[in-house]
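The values are calculated or read from the model by the stated rules, or taken from the named source; none is laboratory data. This one's a predicted model, so the numbers in the text were calculated from it and none came from an experiment. FYI the Cβ positions are ideal-geometry reconstructions off the backbone, even for glycines, and counts take in every protein chain you see.
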């Protein structure tokens, strides 16, 4: 069995503004270690899949930066999307290019900006899910066991066992981000898992499901050459993205397919969706402060402080996010960290402030 990781690295990480910027988004930042997160994602694979089998789909303007961070990944495997069209077109393109890799080939779609530990458990789960995808010709998603009634994540409702004694379950339904009461019910009921956006399948299986449930995407693939190095491929990919609808793989396939299985994860996971999530990474002091860079926190508690230039000094404050960059300082209540994106939207509407994006 050969696993072909397809790393999705096209997002902008707006909730990590002002550190995450248009030209250096979250996946290129060293948020949980000294390595950029996309580098962490590839390194986490270990010997499960060498860099020669890794593919990365990112935005065209980030391709050079990603290539610099992932210099060991073949340049042709780092694909710059000319326009963002969500995850379904990107996954369809990867399945199309990998369809000739043989009966043992399994695609593993992985987000580029999540915290996962320990890596050995991740590799074990990924290998088990890949084997299941190959043997059952299924589309397998790895479900994350919820640790809190999170309203910012989608959920997977697990159904009957895929086979007697198997830890994998048939997917009963994909559930959208719930309200607080529904999230509480999901966690207490024990049947729901977080949807972390990790999917495994053989290329042929995904192409079949796209043909059945997203034919408007599948039909466009026929005009795309067999690989990104093929003459005329760049123009063909540009035409593909121009014509493809903007739709997630969840809506396009996963919510409709009858071949979906979910394997509960044995590893710890967080999508690091906002600055508040850094408080769960570890390294907090006795007062619950999480600090990176030069900081001086006195008589303060529950503070997330991140400086990439200069000193952050705070006195007598609690439950704040304080971020200092070269040209922007952000301060907000920790429980409003998800709303940082609204500031980014304000910047987008004001041309005089666009330089801070």
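Structure summary
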read-out: Checking residue 162 against (1) surrounded by 23 or more Cβ atoms within 10 Å (Cβ to Cβ); (2) over 27 Å from residue 38 (Cβ atoms); (3) modelled with pLDDT under 95, the condition it does not meet; value: (1)
read-out: Residue 268 vs. criteria surrounded by 14 or more Cβ atoms within 10 Å (Cβ to Cβ), out of contact with any helix residue (DSSP H, G or I) (no Cβ under 7 Å at 6 or more places or on another chain) and modelled with pLDDT under 95; value: yes
read-out: Residue 132 being in contact with a helix residue (DSSP H, G or I) (Cβ under 9 Å, 6 or more places away or on another chain) and either in the same structural domain as residue 253 (by TED's automatic domain parsing) or within 20 Å of residue 38 (Cβ to Cβ) (or both); value: no
read-out: Index of the failed condition, residue 209 passing every other in (1) touching a residue at least 12 places away in the same chain (Cβ under 8 Å); (2) surrounded by fewer than 16 Cβ atoms within 10 Å (Cβ to Cβ); (3) outside any strand (DSSP E or B); value: (2)
read-out: Some residue of region 88-99 being farther than 19 Å from residue 122 by Cβ, surrounded by fewer than 20 Cβ atoms within 10 Å (Cβ to Cβ) and either in contact with a helix residue (DSSP H, G or I) (Cβ under 7 Å, 6 or more places away or on another chain) or not assigned by TED's automatic domain parsing to the domain that holds residue 206 (or both); value: yes
read-out: Which listed residue, of 277, 284, 291, 337, is under 21 Å from residue 31 (Cβ atoms), part of a loop (DSSP other than H, G, I, E, B) and either more than 26 Å from the chain's Cα centre (by Cα) or modelled with pLDDT under 95 (or both); value: 284
read-out: Tally, over region 12-30, of residues that are assigned to a loop (DSSP other than H, G, I, E, B) and either in contact with a strand residue (DSSP E or B) (Cβ under 8 Å, 6 or more places away or on another chain) or without any contact (Cβ under 8 Å) to a residue 12 or more places away in the chain (or both); value: 5
read-out: Hits in region 314-357 - residues which are within 22 Å of residue 298 (Cβ to Cβ) and loosely packed, with under 15 Cβ neighbours inside 10 Å; value: 315, 316, 329, 331, 333
read-out: Selection status of residue 76, in contact (Cβ under 8 Å) with a residue 24 or more places away in the chain, farther than 22 Å from residue 292 by Cα and surrounded by 19 or more Cβ atoms within 10 Å (Cβ to Cβ); value: no
